[in-house]
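S.K.: Can you read through this structure? Questions will come right after.
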Amino acid sequence: MNLEYFISKRIIKGNKSNRFSQPIIRIAILAIALGIIVMTISLSIVGGFQEEIRNKIIGFGSHIQITSYDSHNTYEASPIDKNQDFYPHLDTVNGIKHIQIFATKAGIIKTNEEIYGVVVKGIGSDFDWEFFNQKMVEGTSFTIEDGKTNNAILLSKTIANKMKLKVNDKMFIYFIQEDGQLRPKDFIVSGIYQSGLEQFDNLMVITDIAHIQKRNGWNENQVGGFEVLIDDYKNIDKLDDYIYNNIGYALHSKTIKEQNPDIFNWLDLQDLNVIIIIILMVIVAVINIISALLILILERTGTIGILKALGMPNWNVRWVFIYNAIHLIVRGLFWGNLIGIGLCLLQLKFGFIKLPEESYYVSEVPIKLEIINIILLNIGTLVICVLMLIIPSYVITKISPIKAIRFD
């Protein structure tokens, strides 16, 4: 193997200017570099987009919800007792980050000029504000204390603009009762958020769960359900199974994927787009590197004849040229990774490529760089290209040493 390595190095150095003067060689390096750039950026953007949208949906509904069996996905959930064996100790389970109470109820915002239907989400003192604090555009979140009722309310920017409401404005929500009657309640706008997800921004307002308990005729220990936040989305199904088996027969657990199947199926389809892009880029890279290998063989026909005349086996000669092709692949991978990862890091740091949030649900191109994915992408590209070189290198076995030397 040392001899083949030495010969291949001499071929690269000995006639470098002539080899790289060939357009097909340059195109091969460029094709591999562009392929890696496109694959890296596509993988990072799709991963970032999926994570951003997923986190927004989870911010409104948590990873897993625990409710009564007869809730049937309605906003008027049947009450369950807050005093459960798993609450609040469920967050001590490995992988579970937090558990909090909630309840929802349909309502109508009414001002002097407008009326607007919303879903009022009631929260308790254990609510995790991390998501909404990140999405706050005006005002602040509010604090809830057990035993006290807070009249503050959080609106989306969409609802605030439609109803012409600002921070510290007084507003009324009319709650729809079971008998069809409307019961009004006044609130003070504490903050205005914007998530970019229209179907939630158009619908959801946040306030103290005590208001929903009172309008539903519940006592302070009755809630609509529990929301569970976990550390890693990848473990959602496993943790949902654990929760389901440990909450008793009267309750039911449901993941955010099951609550929003259309959105999550759409997000999963984005993986197919990345797979198609990767396949196309690898095909382009393989075609170009095969062309480059054949050019190398054509340029070195005389050298092949001399090596065979000296007794070098066909496979060893083939390996010399495959090594040269690998050299081209590695050069392409190097520049492709340098540019591709560099562009991703710049977008991640500065966010210079903006998007219309109303169309794409994000205000700038999201990036998620995962080193393991980049490594696997490079290894996969290298392995596939090298394997594809074995077949065209077979042409070397058909070259006659005498004819090759005369040809040279």
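S.K.: Can you pull the percent of Cα pairs in segment 242-338 with separation above 17 Å? Don't jump to the answer; show the numbers that get you there.
M.R.: On the way: 3312 of 4656 pairs.
Value for segment 242-338 (Cα pairs over 17 Å): 71 percent.
S.K.: Something else: With 21 Å as the limit, write out which pairs from K82/K238; K97/K214; K234/K368; K157/K254; K56/K148 have Cα-Cα distances beyond it, or answer none. Spell out each step's value before the answer.
M.R.: Values: K82/K238 24 Å; K97/K214 30 Å; K234/K368 15 Å; K157/K254 29 Å; K56/K148 30 Å.
From K82/K238; K97/K214; K234/K368; K157/K254; K56/K148, over 21 Å: K82/K238; K97/K214; K157/K254; K56/K148.
S.K.: If you wrap segment 161-277's Cα atoms in a convex hull and average its projection over all directions, what's the area in nm²?
M.R.: Its average projected convex-hull area is 11.5 nm².
S.K.: Further question: Can you compute the modelled spin-label distance between L280 and L355, with each label point 7 Å from Cα toward Cβ, in nm?
M.R.: Going from the L280 label point to the L355 one covers 1.8 nm.
S.K.: Let's test the formula: R0 of 45 Å, r as the Cβ-Cβ distance of T149 and S363. What FRET efficiency results, to the nearest 0.05? Please list the in-between numbers first.
M.R.: Numbers: r = 35 Å, r/R0 = 0.79.
Efficiency computed from Cβ-Cβ geometry: 0.80.
S.K.: First select every other residue whose beta carbon is under 9 angstrom from the beta carbon of K164; then total the charges, Lys and Arg +1, Asp and Glu -1. It would help to have the intermediate numbers written out before the result.
M.R.: On the way: positive: K162, K166; negative: E113, E114, D169.
Residues close to K164 contribute a combined charge of -1.
S.K.: Continuing with the same structure: Arranged by the count of other C-beta atoms within 10 angstrom, fewest first, what order do K170, K214, K257 take?
M.R.: Details: K170 11, K214 17, K257 20.
If I rank by nearby Cβ atoms, fewest first, I get K170, K214, K257.
S.K.: Place the peptides 280-287, 98-105, 219-226 in order of packing, highest mean first, counting for every residue the other Cβ atoms within 10 Å and averaging per peptide. Walk me through the numbers before you get to the answer.
M.R.: Numbers: 280-287: 18.0, 98-105: 22.5, 219-226: 19.5.
For the peptides 280-287, 98-105, 219-226, the packing ranking is 98-105, 219-226, 280-287.
S.K.: Could you tell me the relative contact order of the chain? Use alpha-carbon pairs under 8 Å, at least six residues apart, and round to a whole percent. Intermediate values should be presented prior to the final figure.
M.R.: Working: 653 pairs, mean separation 110.5, N = 408.
It rounds to 27 percent for the chain.
S.K.: Highest first, please rank the peptides 57-63, 113-119 by the mean number of other Cβ atoms sitting within 10 Å of their residues. Working shown, then result.
M.R.: Details: 57-63: 21.6, 113-119: 13.0.
Top of the packing list down: 57-63, 113-119.
S.K.: Starting with the fewest neighbours, write out R26, R318, R215 ranked by other beta-carbon atoms found within 10 Å of each beta-carbon.
M.R.: Working: R26 14, R318 22, R215 19.
Result, fewest neighbours first: R26, R215, R318.
S.K.: Reported to two decimal places, what Rg/Rh ratio describes segment 70-249 when computed on Cα atoms with Rh from the Kirkwood expression? Write out the running numbers ahead of the final one.
M.R.: Details: Rg = 16.7 Å, Rh = 17.2 Å.
We get a ratio of 0.97 for segment 70-249.
S.K.: Expressed as cubic angstrom per residue, what is the convex hull volume of the alpha carbon set of the chain?
M.R.: On the way: hull volume 70.3 nm³, N = 408.
With only Cα atoms used, the chain gives 172 Å³ per residue.
S.K.: Next up: Based on the Cα gyration tensor of segment 54-121, what are the three equivalent ellipsoid semi-axes, each the root of five times an eigenvalue, rounded to whole Å and given largest first?
M.R.: On the way: eigenvalues 167, 49, 22 Å².
Value: 29, 16, 11 Å, ordered largest first.
Taken together, the values in this text are just the output of simple stated rules run on the coordinates, not laboratory data. Since this is a predicted model, take the numbers as computed values, not measurements. All Cβ positions, even for glycine, are placed from backbone atoms using ideal geometry, and neighbour counts span all protein chains on display.
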